[in-house]
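The structure under discussion appears below in the form of structure tokens.
The values are calculated or read from the model by the stated rules, or taken from the named source; none is laboratory data. All of these numbers come straight from a predicted model, not from anything done at the bench. Cβ placement follows ideal geometry from the backbone for every residue including glycine, while neighbour counts extend to all protein chains displayed.
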């Protein structure tokens, strides 16, 4: 799905969502949260 390096990088979430196959930048955070148990923005700051 997504590597930790990519998730913690500086690329906008919309860009990462497209790179990993999501056509909607809004669906990506929900899927990320289900997989990792935390929102992508919070994951970046951790």
Kindly establish whether residue 2 is surrounded by 13 or more Cβ atoms within 10 Å (Cβ to Cβ), at pLDDT below 90 and in a loop (DSSP other than H, G, I, E, B).
yes
Can you work out which of the residues in the range 24-37 that are outside any helix (DSSP H, G or I) and touching a helix residue (DSSP H, G or I) at 6+ places or on another chain (Cβ under 8 Å) is modelled with the highest pLDDT?
24
Write out, first by first residue and then by second, each pair whose Cβ atoms fall under 6 Å of each other, whose residues are 6+ apart or on separate chains, and whose first residue, in the range 2-28, is more than 18 Å from residue 46 (Cβ to Cβ) while the second is in a loop (DSSP other than H, G, I, E, B) and modelled with pLDDT under 85.
14/25; 17/25; 20/2
